[in-house]
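As structure tokens, the structure follows; a few thoughts come after it.
The values are calculated or read from the model by the stated rules, or taken from the named source; none is laboratory data. Keep in mind the model is a prediction, meaning the values are calculated, not measured. Cβ coordinates were reconstructed from backbone atoms using ideal geometry, including for glycine residues, and neighbour counts include every protein chain displayed.
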Amino acid sequence: MADAGEPEGPERKDDIVKAKQEGKELTKEEKQRLRKEKKQQKKSKEKKDDKPSRDSEKEKKPASAASPAPQTPTQPPAQKAPSAAPAPVPVPASETPSAADKPAKSKAELKAERRARQEAERASKGKKGDVGPQAAPGKPKAPPSELQPVVKRLPEHVQVDNPEVLKKLAKKLERQQTPEYNAATKIPLRSDYGYKVSLFSHLHQYSRKAPLTQQLGIPSTVIHPAIVRLGLQYSQGIVAGSNARSVALLHAFKQVIRDYTTPPNEELSRDLVNRLKPYISFLNQCRPLSASMGNAIKYIKKEISNIPSQCKEEEAKRKLLNCIDCYINEKIVLAAKAIAKYSIEKISDGDVILVYGCSSLVNHILCEAFEKNRKFRVIVVDSRPRLEGREALRRLVQKGINCTYVLISAVSYILPEVSKVFLGAHALLANGYVMSRVGTSQIALVAKAFNVPVLVCCETYKFCERVQTDSFVSNELDDPDDLIVTRTGTTQLEHWQEVPSLGLLNLVYDVTPPDFVDLVITDLGMIPCTSVPVVLRVKNVDQ
Amino acid sequence: MELQAVLMAAGGGSRMTDLTYNTPKAMLPVGNKPLMWYPLNLLERMGFEEVIVITTKEVQKMMSTDPKMKLDVKMKLDVVCIQEDGDMGTADALRHIQQKIKTDILVVSCDLITDVALHEVVDLFRAHNATLAMLMSKAHEFTETVPGQKGKKKTAEQRDFVGVDQSGKRLLFMANEADLEDGLSIRKSIMRKHPRMHIKTGLVDAHLYCLKKAVVDFLADNKSISSIRGELVPYLVRKQFSKTTNCPKIKDDAEDQNQKKNDGSTNHELLISSRDEPLLQLAQDRSCWNDHRGDMSEAYHGGKLRCYVHIMDEGPCYRVNTLAAYIEANRLAPKLFEEVPVHPSAVISERCQMGSDSYIGAMCQIADKTSIKRSTIGNSTTVKEKVKVANSIIMHGVTIEEGCNIQGSVICSNAVIGRGADLKYCLVGNGQQIEPEAERTNEVIVGADQLMEI
């Protein structure tokens, strides 16, 4: 690998030297290439022992080799010097074959290098921290970041397989004691359960049978009882669905604020925020926070810190409770009404609408449309293990809507009948991707193949500034035991943990690319998927 | 604060009068610890810091002198004394302390010995916002011979019929055999909502209840209910399915006061859970969860009053309210808590054969050539030479003279067993004296004054 690198350098240099000797001006890209080579040589001299740098070098070289290649077709027409033209043309010509078989060679060698590196690291544990995250699989960010002087930090919740990060998290939970109770009471760390599929080993996987309350004292004094109740309801799935979780969270916060008293010599605006931090960590341990919950928490924290210090406690509490009520009213209830109004314009008589799973917003829209006497029928698509579609089916049939129920495996069979697809969303990401229940992207894909319009309904408070292009990096793993089913008295997967090569994977979310989504209906109107960053920008300016 | 613990220690032990006519039930020694130490220890381990103890003056006096209680129990005990001759049921006692109760309560009986993970019961109470959550356990067969029992064991006294739903958590039906005259009748409304019901009879009620504060307030108004187990719990279980609870019209408090006489309004007190009820309702509407499937109703069938039960499959759970249970508990309780078999202050001579299952209390004196197997010996007991004790429970301050042979018996406090006595499966009452060379089998030996109590 090292040898393959060196000859390429002098090779290129020879070409450039030739060009120099020919007395022609070095083209822009050649200058760039020279600069890059110098940088790389410096680095290879400094970090001779550091194999990753070499790897990244090799990756960069084919990348940089590939990048001039597309540049060259544009360059020759721009250049007027005829003699310069032959120089760049043979250079890329000689480069592209080398570039072509460079990636082929380097990929295999890269893999071998990486494996050797991982084994070397496993042998010598406790080395530099930046070596660790780079070794972990499934982290495409690591190699490019290495070239920049600052190492990018990955969020903690996607580094579950890194023992140092876990230690840091445990320490953080220890430190987050509520100030009143100086006893050694801390928020317990929930341990992972079962074998995790290697692609998702960087995420937490908890068991429903081991609730976090096992490790807490019974009359929970560290954490407010309303929050403990909420955490239990989240982990058992009693409160599920993005809107329901946010409303329940705000309801619990209202109770916390009601029971709060400012300790002496403290300011409400600062102390209350500190009081909320351990509660949020606790809820995060029970079930990872959703994007809507995150936005609600940001809003509350902002409101609390904006309380003037002269404000008396009673008045401050009243203001906060009022804020919470307003938030729920505006962002959830009224938003649902607005979205229903826009969506009803899109539903025409004789429509066959396909919905997936149980989205509170989509159910609301369909019920409203039915009340406005639109004639349509609904096809409810459902999937295991949650089988949420049954609940959606119940609510729609209770209203009197004509419904059909299929499982997701029958989607391509039923799609020729469908005229529109309405999907709910858990969050809308800043690059236009829609994060929703696992299976949504499947339905969007099949609908696209059949040319059926896909409409996503989402309130603006679920818009999130994260960017994600795949469902691996950040997701949620549910209890794997949910996949075990007992039919006619036999449970085949009962002892799945004893089979060493078997892993059960219960994903919760997936992301749908914006190419499959035709329209997003929000309370601000009907926008295309790619306008999400604009909405975020406008929201930030407002606030 | 989330839960307040209330320990009911005023019971008289009416089903084992032989043991309790001198010592109150709460202070009976089990494994050399007073009986009420066990539920207190359970609460302490779970993290409670304060307990309200409802008891009699006698027990309070004994508690303050007992070394075990003073040293081991680190919680703050708020002792409330009630008259012991007054016919105060458990619900009456709750009404008595209504002023002290500020939040939801956890009621425990003093005769419960268990190592259940309490969070299972309390989690049901929290997660489903239940009005009542209780603990039950599969009944264990008592294998030890009970002294003084003539003939075979009587058939099961007054069975309890407990109906649970398919998940085994929701309590649908609760009745005692004594209350069912003609037969078991189940209302159609219950069957329509829960078509599959499992009715169990072999369950022991651990008398551990989590109750909402609203229930205590409700008790304050309804003075006719006097026992939690006998009346309050069946009432709440029935009320889950009554028509008024299924029309959730939460009126203002002002209107409530005008309708207090109306029976329907009593339910409103039980139903109002939080001041932000509409917000909770909104969250439940938007949530895609349902506790049952197959019919068109929403989660919990729209009912606001819910009762849950946690049934323990395995693990010890004893209610020491009969003699048989007392003996069984003595056998098993010390193992639960890893008791030190021999108290450090006991004086045991070298040539004494002690089985590993025996527990010797403080300041005992065991002489030579004695053999003690599978027995519990209380504090300050003197055992002289050549005594054989097997399968027995010997309480505090007993003197056993030489050459005695005691098998399968219960000897209460301060008794004196004369020399050479041979007792098999006997119960010797408090302060009794057995004459030397006596031979008793399967007898209950109590004083004449005790025979007068009925």
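Return a yes/no flag: does region B:110-131 have any residue that is small (Gly, Ala, Ser), assigned to a strand (DSSP E or B) and touching a residue at least 60 places away in the same chain (Cβ under 8 Å).
Scanning region B:110-131 turns up no residue that is small (Gly, Ala, Ser), assigned to a strand (DSSP E or B) and touching a residue at least 60 places away in the same chain (Cβ under 8 Å).
Condition first: more than 20 Å from the chain's Cα centre (by Cα) and either among the aromatic types (Phe, Trp, Tyr) or under 17 Å from residue B:4 (Cα atoms) (or both). Now tell me which residues in region B:195-215 satisfy that.
Answer for region B:195-215, where residues must be more than 20 Å from the chain's Cα centre (by Cα) and either among the aromatic types (Phe, Trp, Tyr) or under 17 Å from residue B:4 (Cα atoms) (or both): B:213, B:214, B:215.
Residues being surrounded by fewer than 16 Cβ atoms within 10 Å (Cβ to Cβ), facing chain A (nearest Cβ under 7 Å) and in contact (Cβ under 8 Å) with a residue 12 or more places away in the chain: count how many of those fall in region B:281-295.
Total satisfying the criteria: 0.
Going by the conditions given, is residue B:300 at pLDDT 75 or above, closer than 30 Å to residue B:140 by Cβ and surrounded by 16 or more Cβ atoms within 10 Å (Cβ to Cβ)?
Numbers: at pLDDT 75 or above: yes; closer than 30 Å to residue B:140 by Cβ: no; surrounded by 16 or more Cβ atoms within 10 Å (Cβ to Cβ): yes.
No.
Which pairs have Cβ atoms under 7 Å, sit 6 or more apart or on different chains, and link a residue in region B:71-94 that is in the same structural domain as residue B:60 (by the TED database) and of a type outside the set (A, V, I, L, M) to one that is at pLDDT 85 or above and in a loop (DSSP other than H, G, I, E, B)?
If the second residue must be at pLDDT 85 or above and in a loop (DSSP other than H, G, I, E, B), the pairs left are B:76/B:49; B:81/B:56; B:84/B:56; B:89/B:226; B:89/B:227; B:90/B:227; B:92/B:226.
When residues of region A:204-219 are filtered for being in a helix (DSSP H, G or I), surrounded by fewer than 20 Cβ atoms within 10 Å (Cβ to Cβ) and more than 7 Å from chain B (Cβ to nearest Cβ), how many remain?
1
With within 19 Å of the chain's Cα centre (by Cα), buried (at least 21 other Cβ atoms within 10 Å of the Cβ) and modelled with pLDDT of 75 or more as the only criterion, which of B:124, B:132, B:171 stands out?
After applying the criteria, what remains is B:132.
Return the only residue of B:59, B:80, B:107 being in contact with a helix residue (DSSP H, G or I) (Cβ under 9 Å, 6 or more places away or on another chain), at pLDDT 90 or above and closer than 25 Å to residue B:16 by Cα.
When all the criteria are applied, what remains is B:107.
Name the residue that is nearest to residue B:317 (Cα to Cα), counting only residues in region B:15-42 that are surrounded by fewer than 24 Cβ atoms within 10 Å (Cβ to Cβ) and within 14 Å of another protein chain (Cβ to nearest Cβ).
Per the stated criteria, the residue is B:42.
Hey, residue A:405 hits all of (1) in a strand (DSSP E or B); (2) at pLDDT below 95 but one; which does it fall short on?
Going through (1) in a strand (DSSP E or B); (2) at pLDDT below 95 one by one, residue A:405 breaks only (2).
Restricting the search to region A:370-399, which residues are part of a helix (DSSP H, G or I) and within 8 Å of chain B (Cβ to nearest Cβ)?
A:390, A:391, A:392, A:394, A:397, A:398
Right, residue A:264: more than 14 Å from chain B (Cβ to nearest Cβ) and buried (at least 21 other Cβ atoms within 10 Å of the Cβ) or not?
No.
I'd like to check something: does region A:294-314 contain any residue that is within 13 Å of chain B (Cβ to nearest Cβ), of a type in the set (A, V, I, L, M) and under 26 Å from residue A:172 (Cα atoms)?
yes
Determine which member of the set A:239, A:256, A:247, A:273 is under 29 Å from residue A:334 (Cβ atoms), in contact with a His (Cβ under 7 Å, 6 or more places away or on another chain) and either free of Cβ contacts under 8 Å to residues at least 12 places away in the same chain or of a type in the set (Val, Ile, Thr) (or both).
Numbers: A:239 fails: in contact with a His (Cβ under 7 Å, 6 or more places away or on another chain); A:247 fails: in contact with a His (Cβ under 7 Å, 6 or more places away or on another chain); A:273 fails: in contact with a His (Cβ under 7 Å, 6 or more places away or on another chain).
Result: A:256 is the single residue among A:239, A:256, A:247, A:273 that is under 29 Å from residue A:334 (Cβ atoms), in contact with a His (Cβ under 7 Å, 6 or more places away or on another chain) and either free of Cβ contacts under 8 Å to residues at least 12 places away in the same chain or of a type in the set (Val, Ile, Thr) (or both).
When you check residue A:222 against the structure, is it crowded, with 23+ Cβ neighbours inside 10 Å, among the β-branched types (Val, Ile, Thr), in contact (Cβ under 8 Å) with a residue 40 or more places away in the chain and within 14 Å of another protein chain (Cβ to nearest Cβ), yes or no?
No.
Restricting to region B:104-120, name every residue that is surrounded by fewer than 24 Cβ atoms within 10 Å (Cβ to Cβ) and in contact with a Cys (Cβ under 6 Å, 6 or more places away or on another chain).
Hit for region B:104-120 is B:114, nothing else.
Matching residues to (1) touching a residue at least 24 places away in the same chain (Cβ under 8 Å); (2) within 14 Å of chain A (Cβ to nearest Cβ); (3) out of contact with any Phe, Trp or Tyr (no Cβ under 7 Å at 6 or more places or on another chain):
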| position | (1), (2), (3) |
| --- | --- |
| B:297 | yes, yes, yes |
| B:310 | yes, yes, yes |
| B:336 | yes, no, yes |
| B:346 | no, no, yes |
| B:350 | no, no, yes |
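Filter region A:400-430 down to the residues that are over 23 Å from the mean Cα position of the chain (by Cα) and within 14 Å of chain B (Cβ to nearest Cβ), then identify the one that is nearest to residue A:478 (Cα to Cα). First the steps, then the outcome.
Step one: of region A:400-430, the residues over 23 Å from the mean Cα position of the chain (by Cα) are A:400-421.
Subset that is within 14 Å of chain B (Cβ to nearest Cβ): A:400-401, A:403, A:405.
Values: A:400: 34, A:401: 32, A:403: 29, A:405: 25 Å.
It comes out as A:405.
Suppose we filter A:361, A:354 for residues that are more than 21 Å from residue A:239 (Cα to Cα), in the same structural domain as residue A:452 (by the TED database) and crowded, with 22+ Cβ neighbours inside 10 Å; which single one remains?
A:354
Any residue that is modelled with pLDDT under 95, in a helix (DSSP H, G or I) and away from chain B (no Cβ under 14 Å) - is there at least one of those in region A:236-252?
No: region A:236-252 contains no residue that is modelled with pLDDT under 95, in a helix (DSSP H, G or I) and away from chain B (no Cβ under 14 Å).
Just to check your reading of the model, which residue among B:61, B:57 is more than 14 Å from chain A (Cβ to nearest Cβ), without any contact (Cβ under 8 Å) to a residue 12 or more places away in the chain and not polar (S, T, N, Q)?
Just one listed residue meets the conditions, B:61.
Residues are listed down the side, and each one gets a yes or a no for (1) in a helix (DSSP H, G or I); (2) under 24 Å from residue B:104 (Cα atoms):
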residue: B:172; (1), (2): no, yes
residue: B:178; (1), (2): yes, no
residue: B:182; (1), (2): no, no
residue: B:215; (1), (2): yes, yes
residue: B:218; (1), (2): yes, yes
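Looking at residue A:233 and the list (1) within 27 Å of the chain's Cα centre (by Cα); (2) away from chain B (no Cβ under 14 Å); (3) outside any loop (DSSP other than H, G, I, E, B), which single condition is not satisfied?
Unmet condition: (2).
So, in region B:202-228, of the ones that are of a type outside the set (A, V, I, L, M, F, W, C) and touching a Gly at 6+ places or on another chain (Cβ under 9 Å), which residue ends up surrounded by the fewest Cβ atoms within 10 Å (Cβ to Cβ)? Show your work before the answer.
Our first condition is that a residue be of a type outside the set (A, V, I, L, M, F, W, C); within region B:202-228, this holds for B:202, B:205, B:207, B:209, B:212-213, B:217, B:221-224, B:226-227.
If we keep only those that are touching a Gly at 6+ places or on another chain (Cβ under 9 Å) as well, we get B:226-227.
Numbers: B:226: 17, B:227: 14.
Per the criteria, the residue is B:227.
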